[in-house]
Amino acid sequence: MRLDAEEKVEVGLMERGAVDPEFGGKGDETPRLRLEAGPTRRQTQEGAADGGVDLVYSINDRPPWYLCVLLGLQHYILAFGGILVIPLILAEHLCIRDSVATSQLISTIFFVSGVCTLLQTTVGNRLPILQGGSLTFLTPTLAILALPRWKCPDPRASAEMPVSVENATGSPGHADDMWMTRMCEIQGAILVASFLQVVLGLSGLVGFVLRYIGPLTIAPTISLIGLSLFIEAGRKSGSQWGVAALTVCLILLFSQYLSRVDVPLIAYTDKKWQVFQYPLFKLFSALLGMCGAWFVCFLLTVFDVFPSKSDEYGFLARTDINVQAVVDSPWIYLPYPGQWGVPTVSVSSVLGMMAGVLASTMESIGDYYACARLSGAPPPPSHAINRGIAVEGLGCILAALWGTGNGTTSYSQNIAALGITKVGSRLVLQTTGILMILMGVFGKFGAIFITIPAPVIGGMFLIMFGMIAAVGLSNLQFVELNSSRNLLILGFSIFSGLVLPTWFQANPGIVDTGVQELDQVIVVLFTTHMFIGGFFGFVLDNTIPGSDEERGIRSWQHGAEDGGRGADTSCYDIPLCGAVFKRYRCFRYLPFLPSHVNTPQTTSK
């Protein structure tokens, strides 16, 4: 079969496709096969342009469909824990007492995350970047729900009134009305605040600020994305350090020690059986590592090696803790807009949520640069960043309309997975988006992954978040590190990004300006590590005197230009619309379109 032969050449495993550029059959199949054989031959160019990134599939490559499904499932599993924790936290503060309602909330957030991922990878910045629930929106949400009017009633009082209760407005209603009224308040705040993100992207304000951003701003921002999560990684890993260490060892074994080892497989192609070598460990290192540790935990649970009491060390390593959640999840549930009611809007809630929007925007910009670096793409031009931020704002609006209780943002752990698995294909993340939609509709299948033990997720976090921190620091290759100016900016930005949020979190009531809305804004911004580090790096780098060579600006911009030659910048173009944008001059003045004339890629010298 011709399709199977194409797939072999696509992975670069068949010798004739790798050494003979003219191979590929006849007719119109030849150029397509020649193009698909490219990923293996382009690795040296892309590695040089992107700091040594060695990819099996880069951003524009199209792996076979079955590989896309497996690699997409790997990304789904990596993002599952981070997305799942948001509805579980919200359920408690929204006063949800029904496990079925909780499972519906889980299905909704996965469904919307899948839709937003497809939007971002197709018409947004078009990077292989997953969209999911954001912890930056969780802080203002919990601040809103902590207000006296939204506090949950005493569970004992609710037990005495099983039929009707007093809702937030003081009138009698059903128990579901209690949490749905609170959800509508959160929906309204996210809905209105997200328009700020859309305006920032469509107006080009984000791209304008990028002209003044260099390695000393990007490095602290990206590094703090990983460093700030060390508490979460330690908390999950500390529930059973042996299992976490096993997960780390397995991922390291598959991704590093066995990355050059190919596994012999048999395939039926061209009307005969053939044996070919397949890079199984390199492509599925994270999935194999997590599944291996998960299976070990399952065996130790079956044989009652782990304790059965929740207050004993090692209990969270059991795989039967969340089995009831799988039972309670519906087989099929189709989320729809307004399913919890019409969103309500209040000024204090919107202002508090805007702080979360700004923090999410700052974090996403750092994610874009990290994702581009790990997927074999050049640094994103301003039009791609503008469009990506606008689409994230649109995704938050969709999340508000569907009622996830949260917004959406770029997922850092999945960006790190690109560097671990050496697969940066956009098509893989689009497949992940489809899987997330299906898992949101078929609730029980998605709920199975709830049984992944906490220490397994913690071990994965140790690898992934460390990778993100290293990617951020790799931007310092353009900076003069013998300069005391640069060392001061770098050290102060990173250290402040760790100290200030930790102090504000330890002293939650210290901010009291007398204006509740202003207090919420200050707390959200000063408890966001990436915002603090990026802010200080940006201000100091642009105010302390220093030459462009010393700051690394010129080398960094030239690196962007070289990256553009190594990996075609058309990867950021909107599909099917390029000819229209080039034909009419009016599109040149829209800062979120590829035809815009003032982008860093075209103006920097």
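Restricting region 586-605 to residues that are modelled with pLDDT of 75 or more and part of a loop (DSSP other than H, G, I, E, B) leaves a set whose member that is farthest from residue 385 (Cα to Cα) is 590. Out of 534, 466, one residue alone is open to solvent by less than 50 Å² (accessible area, probe 1.4 Å), within 23 Å of residue 553 (Cα to Cα) and in contact with a helix residue (DSSP H, G or I) (Cβ under 7 Å, 6 or more places away or on another chain). It is 534.
Is it true that residue 583 is of a type in the set (Lys, Arg), more than 28 Å from the chain's Cα centre (by Cα) and either more than 30 Å from residue 373 (Cα to Cα) or at pLDDT below 75 (or both)? It is true that residue 583 is of a type in the set (Lys, Arg), more than 28 Å from the chain's Cα centre (by Cα) and either more than 30 Å from residue 373 (Cα to Cα) or at pLDDT below 75 (or both). Only a single criterion out of (1) modelled with pLDDT under 85; (2) in contact with a Pro (Cβ under 6 Å, 6 or more places away or on another chain); (3) within 30 Å of residue 253 (Cβ to Cβ); (4) not basic (Lys, Arg) is not satisfied by residue 429, namely (1).
Conditions (1) modelled with pLDDT of 80 or more; (2) among the charged types (D, E, K, R); (3) under 29 Å from the mean Cα position of the chain (by Cα), marked per residue:
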site: 271; (1), (2), (3): no, yes, no
site: 304; (1), (2), (3): yes, yes, no
site: 310; (1), (2), (3): yes, no, no
site: 322; (1), (2), (3): no, no, yes
site: 327; (1), (2), (3): no, no, yes
site: 333; (1), (2), (3): yes, no, yes
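Filtering region 209-229 to residues that are open to solvent by 10 Å² or more (accessible area, probe 1.4 Å) and under 18 Å from the mean Cα position of the chain (by Cα) leaves 227, 228, 229. Criterion first (open to solvent by 40 Å² or more (accessible area, probe 1.4 Å) and either assigned to a helix (DSSP H, G or I) or of a type in the set (D, E, K, R) (or both)) does residue 288 satisfy it? Spelling it out, residue 288 is indeed open to solvent by 40 Å² or more (accessible area, probe 1.4 Å) and either assigned to a helix (DSSP H, G or I) or of a type in the set (D, E, K, R) (or both). What number of residues within region 473-501 are under 27 Å from the mean Cα position of the chain (by Cα) and either under 13 Å from residue 541 (Cβ atoms) or not polar (S, T, N, Q) (or both)? Summing the residues that are under 27 Å from the mean Cα position of the chain (by Cα) and either under 13 Å from residue 541 (Cβ atoms) or not polar (S, T, N, Q) (or both) in region 473-501 gives 15. Inspection of region 279-287 finds no residue satisfying the criterion of being farther than 25 Å from residue 425 by Cα, out of contact with any His (no Cβ under 7 Å at 6 or more places or on another chain) and in contact (Cβ under 8 Å) with a residue 24 or more places away in the chain.
Residues are listed down the side, and each one gets a yes or a no for (1) touching an Asp or Glu at 6+ places or on another chain (Cβ under 7 Å); (2) more than 20 Å from residue 123 (Cβ to Cβ); (3) touching a residue at least 40 places away in the same chain (Cβ under 8 Å):
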| site | (1), (2), (3) |
| --- | --- |
| 339 | no, yes, yes |
| 348 | yes, yes, yes |
| 363 | no, yes, yes |
| 370 | no, yes, yes |
| 384 | no, no, yes |
| 387 | no, no, yes |
| 401 | no, no, yes |
| 416 | no, yes, yes |
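Got at least one residue in region 314-329 being within 24 Å of residue 181 (Cα to Cα) and either surrounded by 12 or more Cβ atoms within 10 Å (Cβ to Cβ) or in contact with a helix residue (DSSP H, G or I) (Cβ under 8 Å, 6 or more places away or on another chain) (or both)? Yes - at least one qualifying residue is present in region 314-329.
In region 182-201, the residue that is farthest from the chain's Cα centre (by Cα) out of those that are of a type outside the set (A, V, I, L, M) and under 8 Å from residue 393 (Cα atoms) is 195.
Cβ-Cβ contacts under 7 Å between residues 6 or more apart (or on different chains), taken from a first residue in region 68-79 that is over 16 Å from residue 411 (Cα atoms) to a second residue that is open to solvent by 10 Å² or more (accessible area, probe 1.4 Å) and in a helix (DSSP H, G or I), are listed as 68/427; 68/431; 69/431.
Whenever a residue of region 319-332 is outside any helix (DSSP H, G or I), its partners that are open to solvent by 70 Å² or more (accessible area, probe 1.4 Å), lying with C-beta atoms within less than 7 angstrom and at least six residues away or across chains, give the pairs 319/298; 331/442; 332/442. Would you mind stating whether residue 250 is open to solvent by less than 30 Å² (accessible area, probe 1.4 Å), touching a helix residue (DSSP H, G or I) at 6+ places or on another chain (Cβ under 8 Å), part of a helix (DSSP H, G or I) and within 21 Å of residue 73 (Cα to Cα)? The answer is no for residue 250.
Counting only residues that are open to solvent by 50 Å² or more (accessible area, probe 1.4 Å) and either within 30 Å of residue 314 (Cβ to Cβ) or under 28 Å from the mean Cα position of the chain (by Cα) (or both), region 253-269 holds 4 of them. With respect to the conditions (1) in a loop (DSSP other than H, G, I, E, B); (2) open to solvent by less than 40 Å² (accessible area, probe 1.4 Å), residue 311 lacks only one, and its number is (2). Taken together, the residues in region 496-520 that are open to solvent by 40 Å² or more (accessible area, probe 1.4 Å) and more than 15 Å from residue 225 (Cβ to Cβ) amount to 17. Taken over region 93-105, the residue count meeting the criterion of being open to solvent by 20 Å² or more (accessible area, probe 1.4 Å), part of a helix (DSSP H, G or I) and more than 13 Å from residue 183 (Cβ to Cβ) is 2.
In a residue-by-residue description of region 554-572, the property of being outside any helix (DSSP H, G or I), at pLDDT 75 or above and open to solvent by less than 70 Å² (accessible area, probe 1.4 Å) applies to no position.
Of the candidates 293, 267, the single residue that is hydrophobic (A, V, I, L, M, F, W, C), under 27 Å from residue 75 (Cα atoms) and outside any helix (DSSP H, G or I) is 267.
The values are calculated or read from the model by the stated rules, or taken from the named source; none is laboratory data. Worth saying up front: this structure is predicted, and the values here are computed from it rather than measured. So basically every Cβ, Gly included, is an ideal-geometry build from the backbone, and we count neighbours across all protein chains shown. Remember, those area values only see protein heavy atoms, side chains included, never the ligands or the DNA or RNA. Shrake-Rupley method; radii C 1.70, N 1.55, O 1.52, S 1.80 Å.
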